[in-house]
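*Asks:* Sharing a structure here in C-alpha cells format.
FYI, it's all coordinate maths here, none of it is from the lab. Since this is a predicted model, take the numbers as computed values, not measurements. Neighbour counts run over all protein chains shown; Cβ positions are idealised from the backbone, glycine included.
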Amino acid sequence: MEDLEILSKFLKSNINIHPLALQELKKNENVNALVDRIISEAQKTEKKPEVITPDFLEFLQLHKSIAEPTQQASAAASAPQIVVERPRKRFLAEEYEAEIKLKKDITKKSFSNGNIEGFVEYFNDRYERLAKILRSRDRLRDAATIEWIRNASFRGNVQIIGMVSEVRKSQKGHVILEIEDPTGVIPVLILNSNRELLGISREIVKDEVIGIEGNLGKSSDIVIANEIFFPDVPNDKEQNKSEAPLALAIISDTHVGSTKFLEGEFLKFLKWLNGEIGSAKQVQLAERVKYLIVGGDPVDGVGIYPEQEGELLIKDIHAQYEKFAEFLSMVPRHIEIIILPGNHDATRQAEPQPAISEEFAGRLYSDARVHMVGNPCWATLHGVDVLSYHGRSLDDVVSNIPGMSYSQPDKAMLTLLKKRHLTPIYGDKVLLAPEVYDYMLIDEVPDIFHFGHVHTVGVTNYRGVTLINSGTFQQQTSFQRKLNVVPTPAIVPVVDLQKQTTTKMIFR
Ligand code: D5M
Ligand code: FE
Ligand code: ZN
C-alpha cells in the first residue's frame, strides 16, 4: 500500500497518523487489514486519539487488542501482527516551545469598499508613512512642501519628498518625473548628462515615494535633480537572531492538483523533515526545523491560467486543499506551519489578501499547529522578524524595470525592499484593495524578507536582511513555457535562525 492510500484511509475516519507510526505500520504484512483494525481500535478507545503515534501503536500492542484478532477478523484475513521498534530519538526542535507572534493581518479586518474616496485615503496613508521614513534621513530633514517651493522667491538648493505620478523621457534623453505631495505637483528633471543619476532613475516606478535633492529653476517651476533617495534600509540595521538553535524551512508554490506538481520530490522533502533521508549534517538540520512557512499557491486552483484544465490532475479545489492537507499531516508534529495565500488560492485576489477561505480548506483549519494567515504576513519567530509575501508584484517589477528578470528574483525583491513597499505600482498586474491602512508598506525592516510566485529560488543578504525566494515544487507549465519562465523546482531554503545562515536543500 502506498503512503497516501494509508493516509487517506485514516483521514476518512478523521484520524491523522504520525509519519513515524506510518513507517512502523508499513513494516507489517497485510497493512490494509491492520489499518482497518487500528481505526476500529482507535474509535473504541475512550479518548479517540487525533493522531496515531508510535506510542499509540505500542499501547495497542501491549493491550493485545491488535495481536489477538476477533473472530470476524481472523476469518477474513490472517491476524496482522504489528512490529514496533523504539521511537527514534527526540528531535532538538521538540525541546523548544514555539514562539510565534503574528501581526498586521488583513484577515477579517478589511474595510475596503473599492470606491474612489477609498483610494484617496489609501494613497494618503502610503505617502505619509513613506515620507516619515524618508524624513528621518539627514539629507532630507529640511524637505519643503511643493507649495512652498512653488511660491519661493529664491533660486537655490531644495529637498522634496513626493510620490511619483509620472515618469517620462524627453526627446533629448532627459528624464522628467512628475512629483506630487499633498500640497501640489512639480516636475523634476534628470539631465541626460548626469549618467549616474540617469542609471538610478531607471528603477523609479509610478506611485512610489522618493526623496529628491536639487536646484530650483528660474521661475520656481522645475527642480533639476542632483540626488535621488529611496527610503531604503538603514545601513546600521542589526539582524535579530534566535537564542535557540532552531531553523525555518520555507516553501511556496507547490501547486498540488497540477499534473506538473512534483509529488515524488515533495515526498522526499517530507522524508527529510522527518529525519529519514540526508547526510548526517542534513539530518541535524532537519532536527532543528521548528517552523515551516508556505508562501502561497499551495494548490493549483481552477481557472487561473489559459488552458489550465488540461494540466489538472485534481479538478476540484476542495479536493486539492484536502490533498495538500494530507501531505502536511506528514510534517512532524512539533513543527508549526504558517500558510498564506497566493494568486491561485481561494480568497480575494486584491491585495492585501485575507487568509485562504475555511470553506475551501477546512482541513487546514482543523490542525492546531497550522496558522492560516493573510498575504502579506508579518511573523516573529523566536525573536526573528519575517515578512512573507506571495510576490505577485514581481511580475510588475520585471515588466516595468529594465534589467530585472524572473531568473534573479532576489534582485527584483531588493528593489522593492529599497522602495519599502511590496506593491508600489498601481494599475498593472497586481490588484490593490484600497484599505485605509497600507498593509503593503514596509515600515519595519524585517530580518527575513520572503517571496514566492516566480518559481525560481534566490537568496541574498542586504544590510542585515536575508532575502529569500522559495521557488516551487511544480515543473514548467505550458503557459509558463510561452512566457519563458524557467522554474528551479524542488529546492527548499532553510534558515538557521540562530546563525542567520541559509542552506538550499535540493530534493531532486
Ligand atoms: O506564477 C508562476 C510564474 O508564471 C511566475 O513566474 C509568474 C509567471 N506568470 C504567471 N501569470 C503571469 C502573467 N499573467 N503574466 C506574466 N507572468 C505570469 P503562478 O502564479 O505561481 O502560476
Ligand atoms: Fe505559483
Ligand atoms: Zn503565484
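*Asks:* I'd like the FRET efficiency for Ile277 and Glu50, computed as 1/(1 + (r/R0)^6) with the beta carbon distance as r and R0 of 25 Å, rounded to 0.05.
*Replies:* Details: r = 27 Å, r/R0 = 1.07.
The formula returns an efficiency of 0.40 here.
*Asks:* Let me ask something else. With runs of 4+ DSSP H residues as the only contributors, calculate the mean residue ellipticity of the chain at 222 nm using -39,500 (n - 2.57) per run, divided by the residue total and rounded to the nearest 500.
*Replies:* Values: 15 runs with 138 residues, N = 508.
It lands at -7500 deg cm²/dmol.
*Asks:* Moving to a separate point now. Students often forget the sequence filter, so: which lysines lie under 26 Å Cα-Cα from Lys504 once same-chain residues fewer than 8 apart are removed?
*Replies:* Lys504 reaches Lys89, Lys101, Lys237, Lys241, Lys260, Lys268, Lys271, Lys281, Lys290, Lys323, Lys411, Lys418.
*Asks:* Given an 8 Å cut-off on Cα distances and at least 6 residues of separation, report the relative contact order of the chain as a percent. Spell out each step's value before the answer.
*Replies:* Working: 1065 pairs, mean separation 82.8, N = 508.
Computed value for the chain: 16 percent relative contact order.
*Asks:* Then there's this: With both partners inside the chain, how many of the DSSP beta bridges are antiparallel, as a percent to the nearest 5? Spell out each step's value before the answer.
*Replies:* Working: 54 of 81 bridges.
Bridges in the chain are about 65 percent antiparallel.
*Asks:* Sketch the reach of a paramagnetic label on Lys109 as a point 7 Å from Cα along Cα-to-Cβ, and name the residues of the stretch 437-476 whose backbone nitrogen lies under 12 Å away.
*Replies:* 437-440
*Asks:* Could I ask something else about it? Give me the one-decimal nm value for the distance between modelled label points at Glu166 and Glu94, 7 Å along each residue's Cα-to-Cβ direction.
*Replies:* 6.6
*Asks:* Compute the FRET efficiency between Glu444 and Asn32 as 1/(1 + (r/R0)^6), taking r as their Cβ-Cβ distance and R0 = 41 Å, and round to the nearest 0.05. Walk me through the intermediate numbers first.
*Replies:* Values: r = 53 Å, r/R0 = 1.30.
My answer for the efficiency is 0.15.
*Asks:* Then there's this: Simple spin-label model, 7 Å along Cα-to-Cβ: Ser219 to Ser478 in nm?
*Replies:* Result: 6.0 nm between the two label points.
*Asks:* For the stretch 419-508, what relative contact order do you get, as a whole percent, if you take Cα pairs closer than 8 Å and at least 6 residues apart? Let's see the in-between values first.
*Replies:* Details: 131 pairs, mean separation 16.9, N = 90.
With pairs under 8 Å counted, the relative contact order is 19 percent.
*Asks:* Between Ser405 and Glu359, what is the label-to-label distance in nm when each label sits 7 Å out along the Cα-to-Cβ direction?
*Replies:* So the label points at Ser405 and Glu359 sit 4.3 nm apart.
*Asks:* Compute the angle between helix 409-419 and the longest alpha-carbon principal axis of the chain, please, reported from 0 to 90 degrees and rounded to the nearest 10.
*Replies:* Tilt relative to the chain: about 50 degrees.
*Asks:* Once you have the Cα-Cα distance between His318 and Asn14, take 0.36 nm times their residue separation minus that, and quote the gain in nm to one decimal. Let's see the in-between values first.
*Replies:* Working: separation 304, 0.36 × 304 = 109.44 nm, distance 1.62 nm.
107.8 nm is the gain from fully extending His318 to Asn14.
*Asks:* Give, rounded to the nearest 20 debye, the magnitude of the charge dipole that the chain has about its Cα centre when Lys and Arg contribute +1 at Cβ and Asp and Glu contribute -1 at Cβ.
*Replies:* Details: 60 positive and 70 negative charges, 201 e Å.
Taking the Cα centre of the chain as origin, the dipole is about 960 debye.
*Asks:* If I take R0 = 25 Å and measure r between the Cβ atoms of Lys504 and Leu431 in this structure, what FRET efficiency does the formula 1/(1 + (r/R0)^6) give, to the nearest 0.05? All intermediate terms of the calculation are to be shown ahead of the outcome.
*Replies:* Values: r = 32 Å, r/R0 = 1.27.
After rounding, the FRET efficiency stands at 0.20.
*Asks:* Which trypsin sites (Lys or Arg not before Pro) in the stretch 235-319 pass both tests, a DSSP loop state and at most 16 other beta-carbon atoms within 10 Å? List each step's numbers first, then the result.
*Replies:* Working: sites: Lys237, Lys241, Lys260, Lys268, Lys271, Lys281, Arg288, Lys290, Lys315; in loops: Lys237, Lys241, Lys260, Arg288, Lys315.
Those satisfying the criteria are Lys237, Lys241, Lys315.
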